[in-house]
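Novice: To start, I am sharing the structure in question, which I have written as C-alpha cells.
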Amino acid sequence: MLINAVCKECSVTKKAVEYYIEQGLVSPTVQENGYRDFSEEDIRRLKKISILRNLGLSVTDIQDVLFGETAASVLNEIYHRRNLQMTVLQEKQKLIQELASTHDWEQVQNRLCQLQKEQTILERLMNAFPGYYGKFLCLHFAPYLNEPVSTDRQQEAYDTIVSFLDKVDFDIPADLREYLDEITITLDESFMERLTRSVSAVIHETEKYIADNKEIIESRIAYKQSEEYKASTAYSLEKALRQFNSASGYDDIFIPAMCRLSESYQKYHEELSAADKVFLQKYPGLK
C-alpha cells in the first residue's frame with residue numbers, strides 16, 4: 001500500500017506518517033521508483049500509533065509501548081504517571097481558586113512549593129522503582145508527603161531522598177521483577193485503604209490483634225518456615241528485596257530521611273517498630 005492509501009486507511013496525515021518513519025516507528029520498503037510500500041504490519045502499527053497519539057502519548061512513550069518488553073506494563077506505568085500529574089493539576093486548580101478568594105499570595109506560594117516537592121519525590125519513586133511496585137510505594141508514601149518543608153533538617157532530608165532516588169538502581173533478576181509486577185498489579189487506592197486500616201489495628205492494638213488472629217499468624221509463620229515456601233518464587237523475591245533494601249541504602253538512608261522529612265511518617269515508623277518488637281517477643285522465629 002502506498003502512502004496516500006495508508007493515510008486514508010489509518011486516518012493520519014502524510015506529514016505524520018513521514019514523521020513516524022523518521023522516528024523509526026514504521027519502516028516501509030522503498031520501491032525502485034522511490035515510492036514507499038507499506039506492509040500489513042506497517043498498517044497495523046500505524047493504526048496503533050494513531051490511537052496512542054490520540055490518547056496523548058509522546059513519541060518516546062509510543063516507542064516504549066511498541067518495542068518494549070511488555071506493552072501492558074509500559075501502558076500501566078504511563079497511566080500511573082498521568083494519575084499523578086492529574087492529582088497535581090487538581091491541587092493547582094484548588095490553589096487558583098484559593099488565590100482568587102483569599103488573595104493570600106504567600107500562602108499559595110508556600111503550598112505550591114510543598115506540592116512541587118511532593119511531586120518530585122513521587123515521580124522519582126516511579127522512575128526508581130518501575131512497574132506496579134513503584135505505584136505501590138507512591139501510594140504508601142504519598143500521605144506522608146503533604147507536610148511543609150520548613151526547617152533546615154527537613155530540607156536536608158528532602159535533598160537526601162531526591163539524591164538517593166536519582167542514584168538507586170533497583171537491580172533484581174528479571175523473573176523476580178516480573179513476579180513482583182504480577183503480585184502488585186491489583187494494589188490500588190482501595191487496597192491501600194484496607195491495608196492502612198489493618199496496619200493501624202496492628203500498631204495501636206498489637207496484643208489484641210495477635211490474640212484475635214493467633215491461628216492465622218501461627219499458620220503463616222509455619223508456612224514461611226517450611227521447605228515449600230523456601231523453594232518458592234515468593235521466598236526468592238523476599239530475599240532479593242531484603243538484600244536490595246540493605247545494600248542500596250533504602251533501609252539506612254531513604255527511610256531515616258523520610259522520618260526526618262515527615263513527622264507523621266516518623267510517628268508511623270516508630271509505632272510500627274514498637275509493634276514489631278511485640279511480635280518478635282511472642283514469635284522469635286519471625287526475625
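Laboratory data are not the source of any read-out in this text; all were calculated from the coordinates shown. Source: prediction; values computed, not measured. Don't worry about glycine lacking a Cβ; one is built from the backbone with ideal geometry, like all the others, and counts go over all protein chains shown.
Novice: Give the aspartates and glutamates whose C-alpha is closer than 14 Å to that of Lys94, dropping any in the same chain fewer than 8 places away, or say none.
Specialist: Output for Lys94: Asp104.
Novice: Now a separate question. Pop out the Kirkwood hydrodynamic radius of the stretch 141-287 from its pairwise C-alpha distances, inverse of mean 1/r, in Å to one decimal.
Specialist: 17.7
Novice: What whole number of Å gives the distance from the Cα centroid of the stretch 213-287 to the Cα centroid of the stretch 109-188?
Specialist: 19
Novice: Another question, then. Under 29 Å from the Cα of Lys282, which lysines turn up, not counting those fewer than eight places away in the same chain?
Specialist: The reachable lysines, counting only those whose Cα sits under 29 Å from Lys282, are Lys208, Lys214, Lys224, Lys230, Lys239, Lys267.
Novice: Order of Ile216, Ile43 from fewest to most other C-beta atoms within 10 Å?
Specialist: Ile216, Ile43
Novice: In square nanometres, what is the average projected area of the Cα convex hull of the chain?
Specialist: Orientation-averaged projected area of the Cα hull: 21.6 nm².
Novice: Separate question: What relative contact order, as a whole-number percentage, does the chain give when Cα pairs under 8 Å and 6 or more residues apart are counted?
Specialist: 14
Novice: Computed FRET efficiency, Cβ-Cβ of Lys48 and Glu147, R0 41 Å: what is it to the nearest 0.05?
Specialist: So, using R0 = 41 Å, E works out to roughly 0.45.
Novice: Averaged across orientations, what area in nm² does the convex hull of the alpha carbons in the stretch 77-146 project?
Specialist: Here the figure is 4.4 nm², rounded to one decimal.
Novice: Ok, one more. Hey, what number do you get for the chain at 222 nm if only DSSP H runs of n ≥ 4 count, each worth -39500 (n - 2.57), divided across all residues, to the nearest 500?
Specialist: Mean residue ellipticity, 222 nm, calculated: -24000 deg cm²/dmol.
Novice: Further question: Could you work out, for the stretch 178-219, what percent of all Cα-Cα pairs fall into each 10 Å distance bin, beginning at 0 Å and stopping at the bin that holds the largest distance?
Specialist: So the P(r) values, bin by bin, are 25, 34, 35, 6.
Novice: Per the Cauchy relation, a quarter of the hull surface: what is the mean projected area of the convex hull of the alpha carbons in the stretch 3-66, in nm²?
Specialist: Computing the convex hull of the Cα atoms and averaging its projections yields 4.0 nm².
Novice: Shape of the stretch 194-271 from its Cα gyration tensor (a ≥ b ≥ c, root eigenvalues): rounded if a/c is under 1.5, otherwise prolate when a/b > b/c, or oblate?
Specialist: Since a/c reaches 1.5 but b/c is at least a/b, the shape of the stretch 194-271 is classed as oblate.
Novice: Give the lysines reachable from Lys14 as a straight Cα distance under 24 Å; neighbours fewer than 8 places away on the same chain don't count.
Specialist: Partners within reach: Lys47, Lys48.
Novice: So what are the stretch 34-116's ellipsoid semi-axes, whole angstrom, largest first, if each one is the square root of 5 times an eigenvalue of the alpha-carbon gyration tensor?
Specialist: So the equivalent ellipsoid measures 42, 14, 9 Å along its semi-axes.
Novice: Give the angle, between 0 and 90 degrees and rounded to the nearest 10, that separates the Cα long axis of helix 40-54 from the longest principal axis of the Cα atoms of the chain.
Specialist: Helix 40-54 and the main axis of the chain meet at about 60 degrees.
Novice: Next question, about the same structure. What does the charge dipole of the chain about its Cα centre add up to, to the nearest 20 debye, if the Cβ of each Lys and Arg holds +1 and the Cβ of each Asp and Glu holds -1?
Specialist: Charge dipole of the chain: 360 debye, to the nearest 20.
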